Amino acid sequence: MLEETLVLFRNIRNPNYDKSLKGYLASGGHKALKQALGMKPDEIVQVVKDSGLRGRGGAGFPTGMKWSFMAKGTGKPSYLVCNADESEPGTCKDRELMLKDPQQFLEGMMIGCFAIGCNHGYIYVRGEYWPSIKSLNAAIDELYEAGILGDNVYGSGFKLDLTVHTGAGAYICGEESALLDSLEGKRGHPRVKPPFPAVSGFNGCPTTVNNVETLACLPYILTEGPEAFKAHGPENNAGTHLVSLSGHVNRPGVYEISMHASIREIIYDLGGGIRGGKALKGVIPGGSSSPVIRADEIDVNYSFDGLSKIGSMMGSSAMMVFDEDTDVVQLLHRITRFYNHESCGQCTPCREGTHWARQILRDFLSGNGSDRKLKRLHRVGQNMSGTTVCALGDAAAFPIMSFVSKFPEEFKNYFESTSPIAA
Amino acid sequence: MPVFYLDDQPIEFQPGEKVLPAALRAGADIPHYCYHPGLSVVATCRMCLVDVVDMGNGRPIPKLQTSCSMDAAPNMKIVTSNDKVSEARKLVMEFLLINHPLDCPVCDQSGECILQDYSYDHGTGKSEMEYNKRVYGIRDVGTFIQLERNRCIHCTRCDRFTREVTGTAEFGMFNRAHELTVDTFADRPMVNKFQGNMADICPVGALTEKEFRFKRRVWRLKKTPSLCLGCSTGCNTSIEYDKNEVFRMKPRENQEVNRWWMCDEGRLTYRQMNQREGRVMKPMGRIKGELQAISWNQAFEAIAERVKEMKPQASEVLALTDTRASNEELFMLKKLMRDAFQSSEVLFPMPSWEQPESDFFIDSIITTDRTPNRAGARELGLKGDTDGSLLKQAAEQPAKVVILLGNPFEQEAAAREKIGDAQLLIQVTPFLNEWSELVDVVLPGQLHSEKVATYTNKDRRVQRTEAAVVPPRQSHPEWEVLAGLMRALGQEPQVDSVEGVFAALAQEVRSFAGMQLSTLPATGQVLPGTVDDPGRAVKRLEKSSIA
């Protein structure tokens, strides 16, 4: 029986936890921050490298490595920008962290700022997350009042300001370079890379963009050591992670698990099985952009490597479960509609392809599908993937290609038999 | 210089240069839409994808790369001829065309449209799109350019142009995804003075010049390199004409003068090249108070006879010229005055002017100086009149013989009346003007679109024009008319071609020494010495960077 491994959620799962600064300090908070301020920034980067922490925003890039890419000696200020624009459909883990234990995340943010030499950190929060924004701002106010943030963090001489910036509702602004554009006050368009943000990011200065969950892991790594963090997962997949479990399960929610767990355990142990005791049809394992997997593929480790082995990805670890009654074509249409709506439109394949795919899927839903159109749909998806500036082209293409190749019979039903919806 | 290989062809590049510009410079073609050398790189059209089979260190890059944004590296091996690349181009073409109206038969861009060209070269020739195309309503964005949004392929060149080149940022991208479109902000019309460039850089027919709309199919147009004489910048242009009618003037790249750009006012100067109203078609003499057509011989004979009768002293002869005259014409005028009358009294207007400067280069190409060849006149040692005092002086002591080139001192009506009292006024001009009402003989001249000539711009750069259209049958270039006058007055001009005039000029004027018309570089040649125009004032435009 799988149970939660409480690292990030150790306070949140405590029903008596007081999320204010006082409560956080009482629970042993800021121990890691004080420890970090006594270290050299390079040492912190090394500890994070040793811990094997991989970014929790979707790509799974090693965080310590990312920090070490920061351009040095440029004479420009360095920036740490926290990507809290959590908009991948199905994902809601960062919201929990910001809403219920903001001080833990902010401690991680402060450690990150110190490690890369940033004196002004920005937190770019999704515009719809009003409660989280309020909670974060209140927490930052507390830190200023306590004299922790400001010119002299815990008497170390390190100067740090934190600013919360709210997005305006565009999914694309969760892409790191579009986020920086948006933060600068421009239209959020992903930038051409290289140069990477570590060389030229916010206002042309060296910038690191990290996910909320990634930063929230830092206090634990510093206090308990990199080995303790590593132990929570298999080789190369260190630490616990937060799974946003949603869909047709009995107990949806955000769970913290070690990366040793399998998908089946997560659905049936933590999620309490499929609602109404029905059979599982498939799982979208890492947010709507990850390739779908069928019910017979769920006995794999829910980790970065476990999922990439079966041709999918963990992404932002948002697991969407759907049962046997689900209409896969409608599901894909809904996903494609989302990516069509959220495409920024700058790259040709994504701008034209997402809309075209949506039109073809609408054809299926209105009973005008055909074999030829199914092939065309797959081809449009193929042509979108890997050909755009940012990953949104891929994000729109992966579901299309995987749904068509994993559930071809569902699409065929639409034009070969008379399904009630098609009629 | 280091070298990379494009389809096994070695291509030199400067360190830090991207693959696409280096390849284009070497004459290789990699299809592209959003890339323009004068704008920032966004790499969004995805047409310039290439396969990097070796980064220079023996390792390939698995995904196709956009050549416009990829740094060239020594010994890099790039392939554009394999299936992977042609497949990628095919799909970009397919995506671009699914919503393009394909209204080439009524589109002015047709014939110079790279969407058309690349569609033939790299497209599939068929489309699987079977839904309604995206349709936008008509938007009027200003007086100079026509916006047809259905044709747009969203390369954002126009958006970047107004941000990065003019800094006016009144044009931008709106909406997202397939509804992405270009438009002006808040329904305001365009305000910048360089809108024509947006039509030039638009790879398709989304932005076209209103002036040229529905006038002529572009494949009928012939192109001749020329200059704009609107102001003293001397933008390099290309005159585009068909059946002896000029249809438009486009900028020609010259990094030292106008880069790729040109102002809208300059573009419209092509209208004068077609103007027939007021054009002097034949020599004319004043007979019984009326200007009447006469032959060249009659004109020259009459002039020679009158001059012989008057026997003017050197102080009784005056020449006035405007600065639309070329270096050769000014030289011949000076020579005529010196050889025939021993006079050096050649006046040209030299008013003060402003050279605007700002953070944006393009602002410096419009000057307030409407005396295009004043630098040439100064170089030849003619007398520049900065404040009208020289002209006033000349008007106080009325000359007997006055030679006029073009339409000099057009604003000075009072002086004109006084000078007009001279016994013999000879005017060489392509168009009749206020002076023509006073003169005794009008000899037809030619426009710069009709002759080979050189002009010296504000920065002392000597540039040449080519003859594009055929001039009126009886007209001659001004240098030839002045040479004819010299002959009539008993002097041998010793020149028989424009090259010869230039050679004589180069021999006499030290700063031109060693220059030859036939070997003048296409981008012009700067005269030695410094720019020391006393009338030049720099005006700093306060404009903040928006890009």
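Coordinate-derived values only; no laboratory data. None of the values given here were measured: they were computed from a predicted structure. Counting neighbours? That spans all protein chains shown, and the Cβs are built from the backbone with ideal geometry, glycine included.
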Region A:248-341: C-alpha gyration tensor shape, a/c 1.5 cut-off, then a/b vs b/c: oblate
The protein assembly as shown - mean residue ellipticity at 222 nm from DSSP helices (-39,500 (n - 2.57) per run, n ≥ 4, rounded to 500): -9000 deg cm²/dmol
The long-range amide H neighbours of A:Tyr79, using H built 1.01 Å from N in the peptide plane and a cut-off of under 5 Å, are A:Thr207, A:Thr208
For A:Thr166, which sequence-distant residues (separation of 5 or more, or a different chain) have an amide H within less than 5 Å of its own amide H, given hydrogens modelled in the peptide plane? A:Val125
Cα→Cβ-extended label distance, 7 Å offset, between A:Lys134 and B:Arg271, nm: 6.4 nm
So which lysines can B:Lys193 reach, going by Cα to Cα under 16 Å and dropping same-chain residues fewer than 8 places off? B:Lys210, B:Lys250, B:Lys543
Angle in degrees between helix A:328-342 and the longest Cα principal axis of chain A, rounded to the nearest 10: 50 degrees
Amide H neighbours of B:Gln355 under 5 Å, counting only residues 5+ apart in sequence or on other chains, H built in-plane at 1.01 Å? B:Ala537, B:Val538, B:Lys539
Per its Cα gyration tensor (rounded if a/c is under 1.5, else prolate when a/b beats b/c, else oblate), chain B is best filed as prolate
Tabulate in residue order the Karplus-calculated ³J(HN,Hα) for region A:376-388, using 6.51 cos²θ - 1.76 cosθ + 1.60 with θ = phi - 60°, rounded to whole Hz; enter x for Gly and Pro. 5, 4, 5, 5, 4, x, 4, 6, 7, 7, x, 10, 10
Candidate aspartates and glutamates for bridging to B:Lys18, where Cα separation is under 15 Å - those fewer than 8 sequence places away on the same chain excluded: B:Asp29, B:Asp51, B:Asp71
Against the longest principal axis of chain B, how steep is helix B:296-310, in degrees 0 to 90 to the nearest 10, with axes from Cα atoms? 40 degrees
FRET efficiency, 1/(1 + (r/R0)^6) with R0 25 Å, evaluated for A:Glu184 and B:Glu357 via beta carbons: 0.35
Would you mind ranking A:Met1, B:Met198 by Cβ crowding within 10 Å, fewest neighbours first? A:Met1, B:Met198
Evaluate E = 1/(1 + (r/R0)^6) for B:Asn244 and B:Leu541, where r is the Cβ-Cβ distance and R0 equals 51 Å; express this FRET efficiency to the nearest 0.05. 0.80
So, with +1 on the Cβ of K and R and -1 on the Cβ of D and E, and no other charges, what is the size of the charge dipole of the protein assembly as shown about its Cα centre, to the nearest 20 debye? 800 debye
Specify the angular offset, from 0 to 90 degrees and rounded to the nearest 10, of the alpha carbon long axis of helix A:130-145 from the longest principal axis of the alpha carbons in chain A. 10 degrees
Express in nm, to one decimal, how much length is gained between B:Thr143 and B:Gln292 on full extension, taking 0.36 nm for each residue of separation and deducting their alpha carbon distance. 49.5 nm
Which of the listed residues, B:Gly381, B:Leu336, B:Tyr455, is farthest toward the dipole's positive end in region B:332-461, when Lys, Arg count +1 and Asp, Glu count -1 at the beta-carbon? B:Leu336
Between A:Glu235 and A:Arg337, the two model label points (7 Å from Cα along the beta-carbon direction) sit apart by a distance in nm of 4.6 nm
Candidate lysines - alpha carbon under 22 Å from B:Lys383, same-chain residues fewer than 8 apart omitted: B:Lys334, B:Lys335, B:Lys392, B:Lys400, B:Lys418, B:Lys458
Give a residue-ordered list of calculated ³J(HN,Hα) values for region B:134-146 (Karplus: 6.51 cos²θ - 1.76 cosθ + 1.60, θ = phi - 60°; whole Hz; x for Gly, Pro). 5, 10, 10, x, 7, 10, 9, 9, x, 7, 9, 10, 9
Among B:Gly278, B:Ala513, B:Ile403 the positive-end extreme of the charge dipole of chain B (Cβ point charges): B:Gly278
Would you please classify the overall shape of region B:72-227 from the alpha carbon gyration tensor, given that a ≥ b ≥ c denote the square roots of the eigenvalues, rounded means a/c under 1.5, and beyond that prolate means a/b larger than b/c while oblate covers the rest? rounded
Inter-label distance, nm, simple model (7 Å from Cα along the C-beta direction), A:Glu224/B:Lys215: 7.6 nm
How big is the gap, in Å, between the Cα center of region A:342-411 and the Cα center of region B:149-168? 29 Å
Quick check on the exposure proxy: order A:Lys159, B:Lys90 from fewest to most C-beta atoms within 10 angstrom. A:Lys159, B:Lys90
Taking B:Ser326, B:Ser344 and counting other beta carbon atoms within 10 angstrom, the fewest-first order is B:Ser344, B:Ser326
With R₀ set to 45 angstrom, the calculated FRET efficiency between the beta-carbons of A:Glu43 and A:Asn16, to the nearest 0.05, is 0.80
